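Let me begin by presenting the structure, written as structure tokens, before commenting on it.
The values are calculated or read from the model by the stated rules, or taken from the named source; none is laboratory data. No experiment lies behind these values; they were computed from the predicted model shown. Reconstructed Cβ throughout: ideal geometry from the backbone, glycine too, with neighbour counts over all protein chains shown.
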Amino acid sequence: MNQEVIQSTVVPVIYLLSTVLFIFGIKQLSKVRTARRGNALAAVGMLLAIIGALLELGVVDYRWIAGGMAIGTVIGLLFAIRVQMTSMPEMVALFNGFGGIASALVAASVYWALVVQRSPAGKVYEVLGTDEAITVMLSILIGGITFTGSLIALFKLQGKLKKGQPILLPARHYITFVLLVGSFAFGGLAVAATASDSVVWILALGAGSLILGVLLTIPIGGADMPVVVSLLNSYSGIAASMAGFVIGNPVLIIAGALVGAAGLILTQIMCVAMNRSLLNVLVGGFGVTDGGGGGGGSDEYTSVTSCGPEEAAMILENAESLIIIPGYGLAVAQAQHAVRELADMLKARGTKVTYGIHPVAGRMPGHMNVLLAEADVPYEELLEMDVINPEFKNTDVVLILGANDVVNPAATKDPTSPIAGMPILNAHEARSVFVVKRSLSPGYAGIKNELFEYDNTMMIFGDAKKVLQGLIGEVKDL
Amino acid sequence: MTLGPLLIGIYVFVLASFVGFEMITKVPPTLHTPLMSGANAISGITVVGAIAAATTGAPTVANILGALAIVTATINVVGGFLVTDRMLRMFGKKKKKK
């Protein structure tokens, strides 16, 4: 077959097949039963797309392509094999960043090859065509924002940046706005300039996009990370789409748009779960600025009762039903195996054990589900908020492991609270509540949790894993 | 009416976005993370563009940028699909035990 037929027919058909596989893949990824097959289908789609790309090139010098793919494959493999399930949010954030920067690099490479190298005297919009010139600029802008935004998210998730707290620059909204307008201006100037003059504007655009990524992410608090990570996921898709416009390839446009939509849907789910608008999350600094932290009454705790594992074990032992509410503290303490062990022991004694999962518990969408799945907790025992909430009033014991704001009754009872209106797990309706927590320090909302003062609440202070091991020891001795 | 390549691209983009929204309206929370990381792997499709951007052996700026794009996009693809599979395997194994 000659290269012409390959170009005009074979390659487009391969790309079409790969597109169809992506669509089926994502569709199946959103159902538990078929998710694994969906992922495999999408991977096959990707393989086809790469074969298509190689065929489209024909015979070229493959050394750089092969070298780049080999290096990428090894690094990707190492990441995938070595990453701990507790570090999944960091991993996803980092990969979003890689996707973003790849799109920006493709656009920059196309620009360099066609404009700077080939026709340095011509105007950029004449050489590339206005359409393509604009998409090159957008690709660099979105890719750059995704890259540094993801890196900042990664550092925040690792607790390296002020322990994940929001960082609020003075006049940050103005700085961000000016920089965004400036970046558009740099892009516009680059499009209109002659090729050799445009380099400096492209560099300015690149720098602007990288700084924007940082500025847009630093004011966002650690617990808003589920929103940010899924939003960056959406950006990485849109960046891929833009790269598709640059090289005129519909597979990139479609695959990128699908990812963009998926990320946006998850972002929306996360926002609803916190009763906040996307804008409100992005503006950032929740519970830190504007005196919003005070909410309902004093921040001091007055009547908190605490107990040790022995006392708690005795109550647990006699409980007929137990609901476990995991939060970020469980992930930090890596206590997922310990919680399963305790649950197994209690189940063996006839206690009914279920888990109540708040949609934004943890640091990424579905964080708790992944963590507990790693410890072999059957996913049938993990119940969504709407399903579990009517159960609390008929439940003997609730065990809260490192969760805070998602069980704060102030959200439903105190209309002046900063978290008013946020859907919560109604843990306080249970007969007794144990809260395992390292201290009385507030959660991300920066407010006190009145649940801790309730008569039916007992605090067990300590690291979730150590407390659980203590409980396991006590239950064994009973 | 004749559509230029940019407009055709925009048509495709808009329609594909709708397909995406329609397909994934209801996702069980168990799958939020795998869906995100699987979708993330798909966004590594940029590798197709990157391949076309590093086609000579010469160490030119364009080639180096292209090669870097290949590396980052391939990490995204390989790591993304594998780690998603690792997660989904964890979800799957309970069914067999029952």
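Pairs, please: C-beta under 9 Å, at least 6 apart or cross-chain, first residue under 12 Å from B:Leu35 (Cβ atoms) and in the range A:252-267, second not in a helix (DSSP H, G or I) and not aliphatic (A, V, I, L, M)?
What qualifies is A:Ala262/A:Ser30; A:Ile265/B:Thr25; A:Leu266/A:Pro365; A:Leu266/A:Gly366.
From the residues in the range A:213-243 that are more than 7 Å from chain B (Cβ to nearest Cβ) and closer than 16 Å to A:Val106 by Cβ, which one is surrounded by the fewest Cβ atoms within 10 Å (Cβ to Cβ)?
Residue satisfying both the conditions and the ranking: A:Ile238.
Restricting to the range A:106-116, give me the number of residues that are more than 8 Å from chain B (Cβ to nearest Cβ) and either more than 18 Å from A:Ala207 (Cβ to Cβ) or at pLDDT below 85 (or both).
2
Here is a yes/no grid of residues against (1) buried (at least 24 other Cβ atoms within 10 Å of the Cβ); (2) facing another protein chain (nearest Cβ under 7 Å); (3) aliphatic (A, V, I, L, M); (4) in a helix (DSSP H, G or I):
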position	(1), (2), (3), (4)
B:Ile10	no, no, yes, yes
B:Leu15	no, no, yes, yes
B:Val27	no, yes, yes, no
B:Pro34	yes, yes, no, yes
B:Gly49	yes, yes, no, yes
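Read through the list (1) buried (at least 24 other Cβ atoms within 10 Å of the Cβ); (2) within 13 Å of chain B (Cβ to nearest Cβ); (3) modelled with pLDDT under 90; (4) more than 15 Å from A:Ile152 (Cβ to Cβ), then give the number of the only condition that A:Met274 fails.
(2)
Here is a list of conditions, (1) among the β-branched types (Val, Ile, Thr); (2) under 13 Å from A:Tyr235 (Cβ atoms); (3) out of contact with any Leu (no Cβ under 9 Å at 6 or more places or on another chain), and A:Val116 meets all of them except one; can you say which number that is?
Answer for A:Val116: the failing condition is (2).
Okay, residues lined up against (1) without any contact (Cβ under 8 Å) to a residue 24 or more places away in the chain; (2) in contact with a Gly (Cβ under 8 Å, 6 or more places away or on another chain); (3) more than 27 Å from B:Arg89 (Cα to Cα); (4) not small (Gly, Ala, Ser):
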position: B:Gly4; (1), (2), (3), (4): yes, no, yes, no
position: B:Ile8; (1), (2), (3), (4): yes, no, yes, yes
position: B:Ser17; (1), (2), (3), (4): yes, yes, yes, no
position: B:Gly20; (1), (2), (3), (4): yes, yes, no, no
position: B:Ala39; (1), (2), (3), (4): yes, yes, no, no
position: B:Thr56; (1), (2), (3), (4): yes, no, yes, yes
position: B:Thr60; (1), (2), (3), (4): yes, no, yes, yes
position: B:Ile64; (1), (2), (3), (4): yes, no, yes, yes
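Conditions tested, residue by residue: (1) at pLDDT 85 or above; (2) touching a strand residue (DSSP E or B) at 6+ places or on another chain (Cβ under 7 Å); (3) buried (at least 21 other Cβ atoms within 10 Å of the Cβ); (4) within 10 Å of chain B (Cβ to nearest Cβ).
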position	(1), (2), (3), (4)
A:Ala66	yes, no, no, yes
A:Gly76	yes, no, yes, yes
A:Val83	yes, no, no, yes
A:Ala104	yes, no, yes, yes
A:Arg118	no, no, no, yes
A:Ile140	yes, no, yes, no
A:Ile145	yes, no, yes, no
A:Thr176	yes, no, no, no
